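Every number in this text was worked out from the coordinates using simple rules, so none of it is lab data. Keep in mind that what you see is a predicted model, and the values were worked out from it rather than measured. Every residue, glycine as well, gets a Cβ built from its backbone with ideal geometry; the counts of neighbours run over all protein chains shown.
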Amino acid sequence: MSNKANTRANRHNVTSYDVARLAGVSQSSVSRAFDPEGRILPDMRARVLAAAAELGYQPNAIARGLSMQRSNLIAVLIPDLTYPELLSALTSRLSQHGMRPLLFTLESNVVSGDVLNQMWRYRVDGAFAIAKLRPEQIRSFKAQGVPLVLYNRYSDIESVSAVCCDAVRGEALLVNGLVAAGHRRFGVIAGPEDSEVGAERMTGIMRQLDAAGLRPISVTRGNYDYASGKAAFTRLIEEAGTLDAIVSANDFMAIGAIDAARAQGLRVPEDLSIVGFDGISAADWDPYQLTTIRQPVNLMVSAAVSMLLERIADPDHPSECRMFAGQLERGSSARIDLG
C-alpha cells in the first residue's frame, strides 16, 4: 500500500476517542464541539477542532444521528427546482441547525402516494411540503410521527402548521395600481389547475377586478415556467385581440410573456403592462425590471424552520399558521399608479 493510501486509511480510522485524547478532553466534549448548538467553552472547541484537523478526523453524521435517535434529515416535497432562492435559504437555515434537506421533486403540484412511500423509507426528522397534500396524506405524517410544515399553502380541513405569503392582498395591490393607471382590458396567466398557490392568487386577481367593476377579457393557464408564459401570451392575444395589462401568477411566466410581446412588436409598458408575483432574482434583470410582489423568503423560511424544529422537539406543540405580507416592487414592466 502506498504512503498516500496508508494516510487515507489511517485518517478514515480516526475516532472521536483519538481526538479527545489528543485534545485532552472527554468524548462528549468532542461531540459538542461539532454540534453548532453544542454547549462548550470557545477555547475547548478550538482545541478539539485543532486536534481533529491534525488527525484528519470528520464526525460521522449518520452514526451520530443514530445514537441520538435522529437522522438530521428534513424532507422537502417540491414540484420542481425553479425555486432557487427558496431552496438556498432553506438549505442555509437548516445547516445552521446541523440538518440537511432531502429533496423529493414532484412531477406536478400534487404529492403522490409513491413519493410519500419513498420518503417513509428514510427516517426523516420532519418535512416541508411546497406542494398539495390531501387530508389523508397530512394525517399520515401524524401517524408516522413526522412533524410537517406547509410552505405557501395551508389546510382548511386538517390541523397542520403553515407559513404563507398573503397572495390575495398582494394581487390586490397589483390590480388596484393597474386600474388606477387606466388599464381596463385585462388578461390573466393563471397557474396550473392543481396549484393551491395559483388558486389563491387567482382569487386575489378576480376579487379585485370585480371590486373595480371589471372582468378579465381572457384567461389562460401556464405551468409556472418561462416557456409556458410565452405560449400563454400568444393564446391571450389570439383570444382577446388587444389587452392593456397582463397579470401573471408568477414571475417566470411574466418574463416569458414580456419576451413574447416584444417579439410581436409590442412595447412594454407603453403598449402593454405586465406584472408577476414572487420577486425572483431574474425579475430585476435589466431587460425586464418586472413589477411584482416580492415574497419575504428569508423571513418565511426562518419562521418555517423554527416552527418545524419546535415540533421536532415537542411533537405535541400546537399547530399554527403564520401569514406574511409581500412587498410591491415597482419596475418598468407596467404603468402603475400607487396613489
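Note down, for the range 167-294, the three equivalent ellipsoid semi-axes (square root of 5 times each alpha carbon gyration tensor eigenvalue), biggest first, whole angstrom.
Over the Cα atoms of the range 167-294, the ellipsoid semi-axes are 18, 16, 15 Å.
Stretched out fully, how many nm does the piece from residue 70 to residue 259 gain, at 0.36 nm a residue minus the Cα gap?
Extra length available between residue 70 and residue 259 comes to 63.2 nm.
Suppose each label sits 7 Å from its Cα in the direction of the beta carbon; what would the residue 92-residue 121 distance come out to in nanometres?
For the pair residue 92/residue 121, the computed spacing is 3.3 nm.
Starting with the fewest neighbours, write out 285, 120 ranked by other beta-carbon atoms found within 10 Å of each beta-carbon.
With the sparsest Cβ surroundings first, the list reads 285, 120.
Of the chain, which part is the longest with no GluC sites (Glu not before Pro) in a loop (DSSP not H, G, I, E, B) and with at most 12 other C-beta atoms within 10 angstrom?
Between exposed loop sites, the widest span is 108-192.
So for 255, 189, fewest C-beta neighbours within 10 Å to most, what's the order?
With the sparsest Cβ surroundings first, the list reads 255, 189.
Against the empirical 2.2 N^0.38 Å scaling, what ratio does the C-alpha Rg of the range 264-339 come to?
Compared with the compact-globule rule of thumb, the range 264-339 sits at 1.60.
I want the local charge near residue 120. Using Cβ-Cβ distances under 15 Å, sum +1 for each Lys or Arg and -1 for each Asp or Glu among the other residues.
That works out to +1.
For the range 236-248, just list the computed ³J(HN,Hα) in residue order, Karplus coefficients 6.51, -1.76 and 1.60, θ = phi - 60°, integers in Hz, with x standing in for Gly and Pro.
Running phi through 6.51 cos²θ - 1.76 cosθ + 1.60 with θ = phi - 60° gives 4, 5, 4, 7, 8, x, 10, 9, 8, 8, 10, 9, 9 Hz.
Anyone know which of 192, 135, 216 comes out most mobile in the 10 Å Cα GNM of the chain?
Looking only at 192, 135, 216, the largest GNM fluctuation is found for 135.
In whole Hz, what ³J(HN,Hα) sequence does the range 161-177 give by Karplus (6.51, -1.76, 1.60; θ = phi - 60°), x for Gly and Pro?
For the range 161-177, the Karplus-derived couplings read 6, 8, 10, 9, 9, 6, 5, 5, 5, x, 5, 4, 4, 5, 5, 4, x Hz, x marking Gly and Pro.
Can you find, among 72, 104, 87, the residue sitting farthest towards the positive end of the charge dipole of the range 69-160, where Lys and Arg contribute +1 and Asp and Glu -1 at Cβ?
Comparing the listed Cα positions along the dipole, 72 ranks first.
Check residue 162: other-chain or 5+ apart residues with amide H under 5 Å from its amide H, H built from backbone geometry?
For residue 162, whose amide H was placed from the backbone, the distant partners under 5 Å are 150, 320, 321, 322.
As a test of the formula, what do you get for the chain when each DSSP H run with n ≥ 4 contributes -39,500 (n - 2.57) and the sum is divided by the residue count, at 222 nm and rounded to the nearest 500 deg cm²/dmol?
-14000 deg cm²/dmol
If N is the number of residues in the chain, what value comes out of its Cα radius of gyration divided by 2.2 N^0.38 Å?
1.24
I need the calculated FRET efficiency for the pair residue 26 and residue 193, taking r as the beta carbon distance and R₀ as 41 Å, to the nearest 0.05.
Working: r = 59 Å, r/R0 = 1.43.
With a Förster radius of 41 Å, E is 0.10.
Can you tell me how much longer the chain between residue 306 and residue 80 gets when fully stretched, taken as 0.36 nm per residue apart minus their C-alpha distance, in nm with one decimal? Don't skip to the end; give the middle numbers.
Working: separation 226, 0.36 × 226 = 81.36 nm, distance 2.38 nm.
So the extension gain works out to 79.0 nm.
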